[in-house]
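These notes are about the structure you will find just below.
Coordinate-derived values only; no laboratory data. All values reported here derive from a predicted model rather than from experimental measurement. FYI the Cβ positions are ideal-geometry reconstructions off the backbone, even for glycines, and counts take in every protein chain you see.
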Amino acid sequence: MSDAASSNPPVGVVVIGRNEGERLQRCLRSLVGVGRTIVYVDSGSTDGSQDFARSLGVEVVALDMGVPFTAARARNTGLERLLQLAPSTEFVQFVDGDCEVAPGWLEAGARALAQDETIAAVSGRLRERFPEKSIYNRLADLEWDRPVGDEKSCGGNAMMRVEALRRVGGFDPTLIAGEEPELCARMRASGYRIVRIADEMALHDLAMFEQRQWMTRARRHGYAILEVSYFKTRASRGLFRKQIVSALVWGVGWPIALIASLLSFAWTLLVLEGDVLTAASIGLLVTLVAMRFVQFLRLYRYGLNRRLGKEVAHKYAALLFSSKSANVRGMAQFLWRRLRGRRSQVIDYKAAVPAPVQPAPLPGR
């Protein structure tokens, strides 16, 4: 498949995936027939994904799974093959295999990049395909809904300027997550901008139905934010400082303080029998509980302001609190592997999760 002669500037597409099943079929069908060079990078699928892609005329690259897999490595490999097939490609649309690209997005993204040479990456509105299927899908849809304008980073689905990617050296293939923010940090340090526009970009199929998946995703996030913020390039140093501090405060500091205050209260009440110390212990307990309540209320009100409804807003606040401990476990996992000199290991929260099969049209389709 080659770029259409009328494409100006030339835009190519790199899709990555592993055992995405029907989700990949929807993804590729949304892209074929638009006159673009499309490369699908497969990471050891056993569901016939490669054969299906080839049946549509899509170029397939099978990653060597003897080398540790990361999405960043897959995207770099796809871009390399894309430029071999279409050397004149100026912009590349990266797509995860669980996403369906919206009609007209490739043109909208290319137009935004062509109009401003300072923009290195552009993304649009990403929506969750089945937000009503689970609280986790609903919260992901909320996560995708970000303001239009300049951003610090984009997600895995974005259109990027090939020149900018080459200038900064592409994605860091060693990162198991957080590869887009780290890349965008290097791009911004080189004078480029990362921009989000209002156009519909894609439908995403998270397919998350269990809390263990949510917690695994949070653990992966903790692993990534520590590595990106303090163990990579100077450009990304401190990028997730606020999130790391929040995880440490609520995932470690607050529980330890609560346990210590309970032990202190019991000790002063049962052993020392000191009125002053007992009152101080009670005061500390009340303060800690009040801190938690105020923070929970803040998150709850944020959910209400985003029109989640009372029940969902309550679950939203509870899940964010529970994810802090998972973030900390992910950070601890990273530090432990680093101390032992081991490579980063992919943390997969989507394993063995069936994709929903009911089609859902994109807005305006």
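Descriptive notes on the structure:
- Selection from N157, L139, G169 lying farthest towards where the dipole of the stretch 11-209 points positive, charges on Cβ: G169
- Value at 222 nm in deg cm²/dmol, rounded to 500, when DSSP H runs of n ≥ 4 in the chain each add -39,500 (n - 2.57): -15500 deg cm²/dmol
- GNM flexibility winner over the chain from G330, G155, G66 (Cα, springs under 10 Å): G66
- Surrounding net charge for I347, when Lys and Arg each add one and Asp and Glu each subtract one, Cβ distance under 9 Å: +2
- GNM result for the chain, Cα springs below 10 Å: residue of V92, V286, V312 fluctuating most strongly: V286
- Dipole magnitude of the stretch 241-339, debye to nearest 20 (Cβ charges: Lys/Arg +1, Asp/Glu -1, about Cα centre): 920 debye
- Rounded to 5, the percent of DSSP beta bridges in the stretch 11-209 classed as antiparallel: 35 percent
- If you plug the beta carbon distance of V249 and V286 into 1/(1 + (r/R0)^6) with R0 = 25 Å, you get a FRET efficiency near 0.85.
- When only the Cβ of Lys, Arg, Asp and Glu is charged (+1, +1, -1, -1), the dipole of the stretch 162-210 relative to its Cα centre reaches about 460 debye.
- The modelled label-to-label distance for the pair E117/V32, using points 7 Å beyond Cα in the direction of Cβ, is 3.8 nm.
- Positive minus negative residues near F209 (Lys, Arg vs Asp, Glu; Cβ under 15 Å): +2
- Cα gyration tensor shape for the chain, rounded if a/c is under 1.5, else prolate or oblate: prolate
- DSSP beta bridges in the chain [antiparallel fraction, %, rounded to 5]: 35 percent
- Gained length - H314 relative to A279, 0.36 nm times residue gap less alpha-carbon distance: 9.4 nm
- By other beta-carbon atoms within 10 Å, ranking T77, T174 with the fewest at the front produces T174, T77.
- Scanning the chain for DSSP H helices at least 30 Å long along the axis (C-alpha atoms) with a Kyte-Doolittle mean no lower than -0.5 picks out 275-305, 310-339.
- Test item: Cα-centred dipole of the chain, Lys/Arg +1 and Asp/Glu -1 on Cβ, debye: 940 debye
- A viscosity of 1.306 mPa s and a temperature of 10 °C, combined with the Kirkwood radius over Cα pairs in Stokes-Einstein, give a translational diffusion coefficient for the stretch 11-209 of 95 µm²/s.
- Contact order relative to length of the stretch 11-209, as percent, for alpha carbon pairs under 8 angstrom and 6 or more apart: 26 percent
- Across K152/K232; K242/K350; K133/K315; K310/K350; K152/K242; K242/K310, pairs whose alpha-carbon gap is larger than 25 Å: K242/K350; K310/K350; K242/K310
- Equivalent ellipsoid dimensions for the stretch 24-67 as semi-axes, Å, which come from the Cα gyration tensor, largest first: 20, 11, 8
- Measuring nothing but alpha carbons in the stretch 1-120 and taking Rh as the Kirkwood radius, the Rg to Rh ratio lands at 0.96.
- Just checking the listed ones, S55, S236, S123: in the Gaussian network model of the chain with Cα springs under 10 Å, the one fluctuating most is S55.
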